[in-house]
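Student: Quick one: structure below, then a few questions.
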């Protein structure tokens, strides 16, 4: 091998060595990036596990018994007694003024009393019915309030579950992306190291050939 060929071979070997060194440097850079990505994955901040029912409240305090305050209608009975007394007194005064006998007075008083009893009884039935209707209305209103409160609490629970689920999906996607990047950097590092090793072997072989050729020329 002449001097020119030896020079060219030696130059190519040196260039190959430089190229192999660049591959090793790139491999170290890939390793550093892989390490950073791994550290980011290891320290990935996951959201805390939640209990979506944590704020659900006991609604039993909303329920009362609207029928417990229904009482006997006594006002009408009291009015009946008062009016009966007044009617009886007026009747007796009238009979006394007209000179009627005691029998007639008693009959008129009894008739007036029966009339007042009928009126009183009607008023009592009406008051009892009104109280019953009011209690039924209160019970219906309580049922509607309870249903609405339960609906709002369930909506709150579902909302929390939805938000948590969406964030969980995003976190898992980010972690999967980081893992894919780590795997990619590891593969890149391995490829570069393999190329650098092959280049180093080629350079070593080429230097051996150059040395052999040089020694042959010297001989």
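Student: Multiply the residue separation of residue 150 and residue 55 by 0.36 nm, subtract the distance between their alpha-carbon atoms, and state the gained length in nm to one decimal.
Tutor: Here the segment from residue 150 to residue 55 would lengthen by 33.0 nm.
Student: Distance from a point 7 Å along Cα→Cβ of residue 44 to each backbone N in region 173-199: keep the residues under 20 Å and list them by number.
Tutor: Label zone hits: 173-188.
Student: Give me the one-decimal nm value for the distance between modelled label points at residue 138 and residue 164, 7 Å along each residue's Cα-to-Cβ direction.
Tutor: The answer from the label model is 4.0 nm.
All of the numbers you see were taken from the coordinates with simple rules; none came from a lab. It should be emphasised that the depicted structure is a prediction, and the values quoted were computed from it without experimental measurement. Cβ coordinates were reconstructed from backbone atoms using ideal geometry, including for glycine residues, and neighbour counts include every protein chain displayed.
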